[in-house]
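The values are calculated or read from the model by the stated rules, or taken from the named source; none is laboratory data. Since the model is a prediction, treat every value here as computed from it, not as a measurement. Cβ coordinates were reconstructed from backbone atoms using ideal geometry, including for glycine residues, and neighbour counts include every protein chain displayed. These accessible areas exclude ligands, DNA and RNA; they are computed on the full protein's heavy atoms, side chains included. Shrake-Rupley method; radii C 1.70, N 1.55, O 1.52, S 1.80 Å.
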There are 4 protein chains.
Amino acid sequence: MSKPLAFPGLAEFAAATAGRNMTKAAYVAVAAGVVMMVLLTVDPAYEAAHRWVDGLLWGCLAFFVFEWAVRLRHAVLTQRGWAYALSGRGLVDAVGALAVPLALVLGANPKTAWLLGIVWMFKVVPGIPGLRQLRRVLVQESGPLLSVLVIFLMVLFIASVAVYFLERDVQPGTFGSVPAALWWAVATLTTTGYGDVVPITPLGRLVAAVVMICGLGVFGLWTGILATGFAAETRRDNFLKTWESVSKVPFFAALGPAAIADVTHMLRTMDLPARTVIIRKGQTGDCMYFIADGEVEVDLPGKKVTLGEGAFFGEMALLGNNLRSANITTKRVARLLVLDLVDFRMLMARHPDMAETIDAEARRRELENK
Amino acid sequence: MSKPLAFPGLAEFAAATAGRNMTKAAYVAVAAGVVMMVLLTVDPAYEAAHRWVDGLLWGCLAFFVFEWAVRLRHAVLTQRGWAYALSGRGLVDAVGALAVPLALVLGANPKTAWLLGIVWMFKVVPGIPGLRQLRRVLVQESGPLLSVLVIFLMVLFIASVAVYFLERDVQPGTFGSVPAALWWAVATLTTTGYGDVVPITPLGRLVAAVVMICGLGVFGLWTGILATGFAAETRRDNFLKTWESVSKVPFFAALGPAAIADVTHMLRTMDLPARTVIIRKGQTGDCMYFIADGEVEVDLPGKKVTLGEGAFFGEMALLGNNLRSANITTKRVARLLVLDLVDFRMLMARHPDMAETIDAEARRRELENK
Amino acid sequence: MSKPLAFPGLAEFAAATAGRNMTKAAYVAVAAGVVMMVLLTVDPAYEAAHRWVDGLLWGCLAFFVFEWAVRLRHAVLTQRGWAYALSGRGLVDAVGALAVPLALVLGANPKTAWLLGIVWMFKVVPGIPGLRQLRRVLVQESGPLLSVLVIFLMVLFIASVAVYFLERDVQPGTFGSVPAALWWAVATLTTTGYGDVVPITPLGRLVAAVVMICGLGVFGLWTGILATGFAAETRRDNFLKTWESVSKVPFFAALGPAAIADVTHMLRTMDLPARTVIIRKGQTGDCMYFIADGEVEVDLPGKKVTLGEGAFFGEMALLGNNLRSANITTKRVARLLVLDLVDFRMLMARHPDMAETIDAEARRRELENK
Amino acid sequence: MSKPLAFPGLAEFAAATAGRNMTKAAYVAVAAGVVMMVLLTVDPAYEAAHRWVDGLLWGCLAFFVFEWAVRLRHAVLTQRGWAYALSGRGLVDAVGALAVPLALVLGANPKTAWLLGIVWMFKVVPGIPGLRQLRRVLVQESGPLLSVLVIFLMVLFIASVAVYFLERDVQPGTFGSVPAALWWAVATLTTTGYGDVVPITPLGRLVAAVVMICGLGVFGLWTGILATGFAAETRRDNFLKTWESVSKVPFFAALGPAAIADVTHMLRTMDLPARTVIIRKGQTGDCMYFIADGEVEVDLPGKKVTLGEGAFFGEMALLGNNLRSANITTKRVARLLVLDLVDFRMLMARHPDMAETIDAEARRRELENK
């Protein structure tokens, strides 16, 4: 590994691995590793295919060790060795690479040692799309969520003590201590209800009924808080993403900042890979598109027209002609701004000049195509 | 089937069957088929009425085969044979018609073969009213929903490995492998809690308690996301449906586009079949109606007045006189725009001229009726 | 009962009973009747107090029979006999009065006959405060709710057939027919999870896991739809209730209709019985009140001031002086409009003249009281 | 305790104890007391460490008795003895101090007597952050919540009677009385589903299925109501908290009241302890800060600049330069107003003069720092 750049494939791999996002190979390795780790514990499956299971497990481990090594080297070369090593991601990489070998070296049973492979799952965390949004909601609403958690714990303890007191003489085996009653209470308050520990005295059952209803209440509060936070966060997120693109489209740039803020609320950003069909001929359409970035190709009869940044298309669907009249495909990675029929109506009402421009262009195109 | 159009009943049936919506007969056939398929598996019921069960099953199957044949023929005649055959609907029709006979031909046990009749249920999918709306919500919110699903899976696997490690020695029968622990984890994280597999060590129970509480959290996030998406979609859907009707009512058409957008937010569309009572004399009313399409009949003492497109009625309820003074019934299928008391107040405030028109007409009618 | 008006107590009772709302006596009778009916089925309790239980049951029944008779007589006298008898309420009253005696006459076991007393519970329905609101939400959102229900049923049937197919050979006792599998599916999809019927094959458990996760999804959709509908309905309800009162307060009546609509959104209606303390001296306050109807008494040092319709009070809390300076009590049933601190700030911003009036009055009162 | 002020430590303790908020010591005492009370019921744990358990329990009790005494004395000295003693908090303190000793004196088994220590948990209630907000939501939405509760109870009773009637002959042991059926119904309607009592007749199972689906519905309504209430309350709470701070910042004070109300909606209040890092150099930022109260220190290369009340910082992140260019730390307890990137854009659109001021200041600072 002294001259990894001498092997072009390796160099590419190193570059991909060192980047922020996981490669597809890494996802496959995580999935394969976890599935093999699960199979290792199923005796008949392991006996039948122990070579495959062992081979894949060692292969995955080798991949993660190599990945960690490459990333560490890249970080050291760019002077951020410690920053990476101590970041959340660096630690996950390190534990993923070292936990299993260390456990094996320390003499743990192989079946137990490989269980540590479960930490590989944390490697997918940065790739989860909406995680940042979820975290912001949890942080913003942490106050009320914590209150509900405290209420949850209070109900839990009080119910446990009450049921312990009421049931301990009748069921000394299952309600013989407060921790045993706590086990019952948590299964009841979350409405899981295993049924392995159940009160049988009338008063104990009354307490249980109250706990179940409290469970619904706690749950309802929890959900209500999260729903509220989520609604606010979604609005914010969408506005931010769209704003940036809007100000780059010349069509909107001529507007004052007040109108841009207004328009931003109406648009939705959409990122598409190359060669994706945006509009299919003959389908019914209910939105138009502005190109914020990239190029699209309109497949007209007899010719192909390319539209670039700042152009718009699909506007005929909003002007009475519901059926799409041509296939439109992205030529390269493109970012589009989508204007819905509903919002187009609004725009028409509030910014009539803009609507006129769209209308004029639509008429010009229709003439041209006939 | 060479000349189906020679039988008028058959021609009608073919037309109805070939249409987009299911006929009532098809709904009945689906319901009867599924119920019979269920009864087939209940030994005492089948023994008591095996003729009926068998007869109805074969009848339903014949219906579906015939329906598929008619639709296929219709599609071929209109040059869309392959489009239909390969569409979701065409495939459901084909599987519904062929699965059971094929299974019987291939020698499957009849009781097992008829179980394939369950695919008939998919035939009702296009008839579900709000399905399109639901699908849009799921698509729009797919990012966060996917994040929650990934979190769900991570909690599931980590909890399984932890509980497998903690319980395998004490309960080798139920927690003997990670898949067995996964079964426990999924029943716990969804708060189902069968109770067939339950941890008994203190640490295992602690992990279980955490999993249950995570279950509530996952559930809360899920609901919060869906609630947010649903609220946005409902607003959008209602606006779209109403806009079209509003611009057709002359009463509103005189307004500028800004005012129309404003008014659209206040109205709600309502589609009614023929001969439906809209307003019942003597009831208290809190809304007025505009006729976007169709005709209604006002049953005044001594005479019957017909109101057509663009007319409005029920406005007296909004002008102080709460009790409806006449029965009003649709003459044919009608689309009405409903203006609520709340929104009428708003309208009055923002568009006083419109309120005056309504007021004048109401006074004129009252004079006329006395 | 030929001359009920000769007994003043009876006449009052008849008047109260004939009215729309239940008397407190009726609530007590329903509660007592249901509790006794429950006790009747508990052998030790019934043996210990069978005289009381029997006595109270017959007493309640007599009350309901009498109530029905009085209401029927009142309805007949006011020419609405059939209307009442066939209304939902009239039917509940009739069944409540006749079901138990009829069952006894027809020779049913008394313990079974009295079980019919459960219909008495429906008598409280008109007294439930927010029921009308709930019903409107369910009606408005019936489309999406129905879609979810259909999806629920489809998942139910498909899962049942799948699990029946997978488990019938291994567990013929519990999964021996599709109805038995349906019982398992409904307990699983609702995340109830009794655990009396549980799949044990790996594939059966996989299907079960998918059903549980679908259960969370169905639940989430359901809740999301109801939350959306409820939010809209709450806004509507509050606006309607407040609008009527606002236009009666001279302070607001001078405003144009646009401003009234604006102000209505900021106010909340509050109905109070006589002799209720609205403001307690020394408490911190964050809202002011306008009297829409009724009278209040301000308990100033040395004198008592009475404020009537159209007056306002509590405004000092919004003008910097947080501690309430006097006790204020309703003299008779009063309807107040509450203006919150948040909305007062808004009002101040949008209608500065109104804020000035309040400010001037507050200063005048302060001078007077010193 | 005649001269507690002679011991400085004791005086401080008394002052801290008498205040509104709990000291950290009190939280520790509650946690320790409850944990020990739980351990007391676990025989092996108690036998192994009975000295520690007993010692800590008596220690906690002494702490609570002392705390109560100090608070009572403080209240008497400030003439509010009875007010404190009869307030919710005074009663909790009294019960926490007296319940266990009284039970021991009255001859209760020590293990039972110490269970009363569970009331100590109520001492944390005033310290729960969002409790006031939660209570307001419950009060505001009490109407609909009560309706749902009544519906819940009606379903409960009706289902119990139905299932009792259907199952009593088949399962006299578990469904032998209506209360026993109620126990089943509550576990089913809350979707807890213990599985200890399960209907086995086909009709009984049908009723159970309906109850489960009703359970989802009740739950959905409950959550929907709470979500709606919570959204309204969150908006209100945030506005109130921010308004006060905004009007103190000179930057905003120049605006008219309408603009202040507008700006208040865009800001969020944040309270920070001393020596907290607000901005870390090199991080990406998406908000700017106004100082409503307190001081912050900007750590520029070579010098430290202190910003006081009314100043703002972090604005460069909103003007194109995403990376924070300096560490910024609070010097003492500070209240900041946070302006998000989204809202800054809005502000820029609606109040361009304000945006210019920020822009000019940002440019001046950049020049100065170079």
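Using heavy-atom solvent-accessible surface (probe 1.4 Å) with all chains present, what is the largest-first order of D:Val161, C:Val65? List each step's numbers first, then the result.
Numbers: D:Val161 10, C:Val65 60 Å².
Ranking D:Val161, C:Val65 by accessible area, largest first, yields C:Val65, D:Val161.
Mind checking D:109-118 for the average number of partner chain beta-carbons within 10 Å of each residue's beta-carbon?
Taking the mean over all residues of the peptide, I get 2.
With every atom except the alpha carbons ignored, what do you get for Rg and Dmax of the range D:215-254, in angstroms?
In Å, with Rg to one decimal and Dmax whole: 17.3, 55.
What are the ³J(HN,Hα) values, in whole Hz, obtained from phi via the Karplus relation 6.51 cos²θ - 1.76 cosθ + 1.60 with θ = phi - 60°, for each residue of the range D:60-71 in sequence order, with x given for Gly and Pro?
Running phi through 6.51 cos²θ - 1.76 cosθ + 1.60 with θ = phi - 60° gives 4, 4, 4, 4, 5, 4, 4, 4, 4, 4, 4, 5 Hz.
With a 1.4 Å probe and every protein chain left in place, work out the accessible area per residue of the range B:225-370 in Å², rounded to a whole number.
Each residue of the range B:225-370 exposes 47 Å² on average to a 1.4 Å probe.
If you roll a 1.4 Å probe over the heavy atoms of the protein chains, what accessible area per residue do you get for the range C:57-205, in Å²?
Value returned for the range C:57-205: 43 Å² of accessible area per residue.
Relative to the Cα centre, what is the charge dipole magnitude of the protein assembly as shown, using +1 at the beta carbon of each Lys and Arg, -1 at the beta carbon of each Asp and Glu, and rounding to the nearest 20 debye?
Details: 140 positive and 120 negative charges, 146 e Å.
So the dipole magnitude of the protein assembly as shown works out to roughly 700 debye.
Once the Cα gyration tensor of the range C:163-311 is found, what semi-axes does its equivalent ellipsoid get, as square roots of 5 times the eigenvalues, in whole Å, sorted largest first?
Details: eigenvalues 783, 74, 27 Å².
Taking √(5λ) for each Cα gyration eigenvalue gives 63, 19, 12 Å.
Using a/c under 1.5 as the rounded threshold, could you call the range C:277-337 rounded, prolate or oblate? The axes a ≥ b ≥ c are square roots of the C-alpha gyration tensor eigenvalues, and prolate needs a/b larger than b/c, oblate otherwise.
oblate
Decide, for the range A:303-348, between rounded, prolate and oblate: order the square roots of the alpha carbon gyration tensor eigenvalues as a ≥ b ≥ c, take rounded if a/c falls under 1.5, and otherwise choose prolate if a/b is larger than b/c, else oblate.
Oblate, since a/c reaches 1.5 and b/c is not below a/b.
Above 24 angstrom, tally the Cα pairs of the range B:24-138 and express them as a % of all pairs, no decimals.
The answer is 33 percent, as a whole percent.
List, in order, the whole-Hz ³J(HN,Hα) value for each residue of the range B:237-250 obtained from phi through the Karplus relation with A = 6.51, B = -1.76, C = 1.60 and θ = phi - 60°; use x for Gly and Pro.
In residue order, the calculated couplings are 4, 5, 4, 4, 4, 6, 3, 4, 5, 4, 5, 8, 7, x Hz.
Round to the nearest 0.05 the FRET efficiency obtained for D:Thr112 and D:Ala69 when R0 = 30 Å and r is the Cβ-Cβ distance. Walk me through the numbers before you get to the answer.
Values: r = 26 Å, r/R0 = 0.85.
Given R0 = 30 Å and the Cβ-Cβ separation, E is 0.70.
Roughly how big is the A-B contact, given as buried accessible area in Å² (both sides, 1.4 Å probe, nearest 100)?
Heavy-atom accessible area buried at this interface is about 4300 Å².
What lysines does B:Lys111 reach when the alpha-carbon gap must be under 24 Å and sequence neighbours fewer than 8 apart in one chain are set aside?
B:Lys123
Could you look at the range D:207-318 and say what percent of its accessible area is carbon and sulfur, using a 1.4 Å probe and all protein chains? Show your work: numbers first, answer last.
Details: 2400 of 4410 Å².
Carbon and sulfur atoms account for 55 percent of the accessible area of the range D:207-318.
Counting partner chain Cβ atoms within 10 Å of every residue's Cβ in A:334-344, what's the average? Please report the intermediate quantities before stating the final value.
Values: counts 0, 0, 0, 0, 0, 0, 3, 5, 9, 2, 0.
Mean shielding count: 2.
Provide the three semi-axes, in whole Å and in decreasing order, of the ellipsoid equivalent to the protein assembly as shown as defined by the square roots of 5 times the Cα gyration tensor eigenvalues. Before the final figure, lay out the partial values.
Values: eigenvalues 439, 438, 408 Å².
Working through the eigenvalues yields semi-axes of 47, 47, 45 Å.
Considering the alpha-carbon set of the range A:140-246 alone, what are its Rg and its Dmax in angstrom?
19.5, 71
For an R0 of 22 angstrom, estimate the FRET efficiency from the Cβ-Cβ distance between B:Ala360 and B:Ser247 and round to the nearest 0.05.
Plugging the Cβ-Cβ distance into 1/(1 + (r/R0)^6) gives 0.40.
In whole Hz and in residue order, list the ³J(HN,Hα) couplings for the range C:346-363 that follow from phi through the Karplus curve 6.51 cos²θ - 1.76 cosθ + 1.60, θ = phi - 60°; x for Gly and Pro.
4, 4, 3, 6, 8, 10, x, 4, 5, 4, 5, 4, 4, 4, 4, 4, 4, 5
Every other copy gets compared here: list the nm distances from the D:Lys304 label point (7 Å along Cα to Cβ) to its counterparts, shortest first, one decimal.
Going from nearest to farthest copy, the values are 6.5, 6.5, 9.2 nm.
At 1.4 Å probe size, with no ligands or nucleic acids counted, give the accessible surface of D:His74 in Å², nearest ten.
80
Taking amide H atoms as placed 1.01 Å from N in the peptide plane, list the residues 5 or more away in sequence, or in a different chain, whose amide H sits under 5 Å from that of A:Lys331.
A:Arg275, A:Glu295, A:Val296, A:Glu297
Using only helices, what value at 222 nm comes out for the protein assembly as shown when you add -39,500 (n - 2.57) per DSSP H run of length 4 or more and divide by the total residues, to the nearest 500 deg cm²/dmol?
The helix-only estimate for the protein assembly as shown comes to -20000 deg cm²/dmol at 222 nm.
Can you list the residues in the range B:254-284 whose accessible area drops by at least 30 Å² when all protein chains are present, compared with the chain alone? Use a 1.4 Å probe, heavy atoms only.
B:Pro257, B:Arg268
Kindly give the distances from C:Met270 to its copy-mates, label point to label point, with each label point 7 Å from Cα along Cα→Cβ, as nm values to one decimal ordered shortest first.
C:Met270 label point versus its equivalents elsewhere: 3.6, 3.6, 5.0 nm.
Using a 1.4 angstrom probe on the protein heavy atoms only, could you order C:Glu297, C:Glu244 from most to least accessible area? Intermediate results must be reported in sequence, preceding the final value.
On the way: C:Glu297 50, C:Glu244 105 Å².
Heavy-atom accessible area, descending, gives C:Glu244, C:Glu297.
Using only the Cα atoms of the range B:259-312, what semi-axes does the equivalent ellipsoid have when each is the square root of 5 times a gyration tensor eigenvalue? Give whole Å, largest first.
23, 14, 11
Among A:Lys123, A:Lys303, A:Lys241, which one shows the biggest mean-square fluctuation in a GNM of chain A, springs joining Cα atoms closer than 10 Å?
Maximum fluctuation in the GNM of chain A, among the listed residues, is at A:Lys303.
Quick one: plug the Kirkwood hydrodynamic radius of the range C:152-209 (C-alpha pairs) into Stokes-Einstein at 20 °C, 1.002 mPa s, and report D in µm²/s.
198
Every other copy gets compared here: list the nm distances from the A:Gly127 label point (7 Å along Cα to Cβ) to its counterparts, shortest first, one decimal.
4.4, 4.4, 6.2
Using only alpha-carbon positions, what ratio does the radius of gyration of chain A give when scaled by 2.2 N^0.38 Å?
Numbers: Rg = 29.8 Å, N = 370, 2.2 N^0.38 = 20.8 Å.
It is 1.43.
Expressed as cubic angstrom per residue, what is the convex hull volume of the alpha carbon set of the range C:265-370? Mind showing how you got there, number by number?
Details: hull volume 9.7 nm³, N = 106.
Value for the range C:265-370: 92 Å³ per residue.
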